[in-house]
Amino acid sequence: MQLRTLIDSINYIELVDIDDFMTEINGISYNSKKTKPNDIFVCLSGEHVDGHEYADEAIANGACICIVERRLNVDIPQIVVSDTTEILAQISDLFYNSPSRSLNIIGVTGTNGKTTVTHLIQKLYETNNQKCALIGTLGHKFFSEDSYHDAKHTTPQAPELQELLYKINSKNIPNVVMEVSSHALAQHRVDYCDFNGAIFTNLTQDHLDFHITMQNYFRAKAKLFEELLSDDFAVINLDDSYAQQFISVLSPNVKLYTYGIKEDADIKAENVSFSPDGAAFTCKINDKKYDVKLRMNGAFSVYNVLASIAAAVALNFDIEKSIKTLETINGVAGRFEVIVNKPTVIVDYAHTPDGLENVLNAAREITPEGGNLICIFGCGGDRDATKRPKMGAIAERLADKVIVTSDNPRSEEPQQIITDILAGFKSTSDVIVEPDRELAIKEAYKLANANDVVLVAGKGHEDYQILRDETIHFDDREKVREIFIGN
């Protein structure tokens, strides 16, 4: 891409020392260490790091021009703009020739359920003989049986996202289903992405270290729905307390499909029941009813499946065929994943108050009479601290035995995080505190009888633990197998 094309396309405040408008730009960088010759370096003002301070390193690595929010004392041309995060999204779209315009993209947003819903929808596309790529927390996949390709964020940064969409397009894959995080929306990562549909799962407390208030959190999520155009579709969980607010931001000609269990939604689950084999319900769509028997369990699984069925309705898929497909799916890695039987040991990604409450309720449903529900969990460091005592109170109320441990403590002292969690308990006399996560799982092994259910919550699919000075390999699923089966 020539520099002239870029300059003609963006709003800028000032051009500094630009003499050659025909300069060829080979790539876009916002990480000075990864900058290559003839890259344009975009100085992002992040939460913890200011990219302007790394311009010299980027230049040393070959950057030919900087996009900045303030003039720097450097020897290469600069473009001064008001917001580099917005410009990063715009030039990324431009550099990769607006790939989203040639794709049908469904964005899934919400506090919980995004990963499962995207995987279910990818399967539904394939059941209906259409190729579909997936982008999300676990990585990206070009088809459902593909292995995961690594991703650092639930929703990639704009250059990586646009490059990925370009690759998907070049592989002649016409459809994409992707998780869209609130951070991505607030930080403009998905600006210039042309979404054809948007799905809202739920909105409960999370990321308030970043958004500060729930209303800010909502406003970030709402951006996905505000941008929908005529003939695009929205799928909204009508049971969620924020449902009407999401509906209110839709343009008049956006096609709306609602789902739920409690409210009279377009796609509704009735006669919901749970057993060790999975959840079952009657799915009512207008005047038609379909019996659904899932291998997945818990009310949250019913909601995730309803969201997927609503998407199938919006996409004019064969509903009976779609339901049959959903009935064959065991679940997604680290999402209420049963690792061991007798005792039943479940690993789940739940790391919010609502998420923990949902999985504990689901675990209770399959706990045999006379068996105990044992919960192991911690909370992440450098994240919203206000949810810690709430999660403690939920664990105390819903589990028979609780082991409080570490999650990803990051730069915080694990004991301080644990103290915050314990503040939510009415009594801590029966709580086991073990900061070492492996030893905490061993404590559960000592406690558990054959009829018990053990829930290891918080990390799910993650195969690492972030400590103050290092990131170590740690996979709850591996540890559970090692401790419960190896002993």
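The values are calculated or read from the model by the stated rules, or taken from the named source; none is laboratory data. All figures in this text were calculated on a predicted structure; none of them were measured in a lab. Positions of Cβ are backbone-derived with ideal geometry, glycine not excepted, and every protein chain shown enters the neighbour counts.
None of 3, 72, 88 is of a type in the set (A, V, I, L, M, F, W, C), in contact with a helix residue (DSSP H, G or I) (Cβ under 7 Å, 6 or more places away or on another chain) and touching a residue at least 40 places away in the same chain (Cβ under 8 Å) except 88. Suppose the filter is polar (S, T, N, Q), part of a loop (DSSP other than H, G, I, E, B), in the same structural domain as residue 242 (by TED's automatic domain parsing) and under 23 Å from residue 227 (Cα atoms); does residue 115 pass it? No: the conditions fail for residue 115. Can you give me the number of residues within segment 139-167 that are under 30 Å from residue 328 (Cβ atoms) and buried (at least 24 other Cβ atoms within 10 Å of the Cβ)? Residues meeting the conditions: 2.
The residue that is nearest to the chain's Cα centre (by Cα), counting only those in segment 447-478 that are more than 21 Å from residue 115 (Cβ to Cβ) and either buried (at least 20 other Cβ atoms within 10 Å of the Cβ) or not assigned by TED's automatic domain parsing to the domain that holds residue 362 (or both), is 454. If you check 247, 261, 285, 236 for being surrounded by 23 or more Cβ atoms within 10 Å (Cβ to Cβ) and modelled with pLDDT of 95 or more, only one passes: 236.
Would you confirm whether or not segment 98-115 contains a residue that is more than 30 Å from residue 2 (Cβ to Cβ) and without any contact (Cβ under 8 Å) to a residue 40 or more places away in the chain? No, that holds for no residue. So is residue 124 in a helix (DSSP H, G or I) and under 21 Å from residue 24 (Cα atoms) or not? No, not satisfied. Close contacts from segment 361-387, counting a first residue that is farther than 20 Å from residue 449 by Cα and a second that is part of a helix (DSSP H, G or I) and hydrophobic (A, V, I, L, M, F, W, C), with Cβ to Cβ under 7 Å and a gap of 6+ residues or different chains, come to 378/417; 379/391; 379/417; 379/421; 381/417; 384/208; 386/208. Within segment 202-225, being modelled with pLDDT of 90 or more, surrounded by 22 or more Cβ atoms within 10 Å (Cβ to Cβ) and touching a Leu at 6+ places or on another chain (Cβ under 8 Å) holds for 221, 224, 225. Taken over segment 160-195, the criterion of being modelled with pLDDT of 95 or more and at positive phi is satisfied by 172, 192. Per the conditions (1) of a type in the set (Asp, Glu); (2) outside any helix (DSSP H, G or I); (3) in contact (Cβ under 8 Å) with a residue 24 or more places away in the chain, the sole criterion not satisfied by residue 469 is (3). When 64, 43 are checked against the criterion of being touching a residue at least 40 places away in the same chain (Cβ under 8 Å), touching a Lys or Arg at 6+ places or on another chain (Cβ under 9 Å) and within 21 Å of residue 163 (Cβ to Cβ), a single residue qualifies: 43. Across segment 440-461, the number of residues qualifying as assigned to a loop (DSSP other than H, G, I, E, B), touching a helix residue (DSSP H, G or I) at 6+ places or on another chain (Cβ under 8 Å) and of a type in the set (D, E, K, R) comes to 1.
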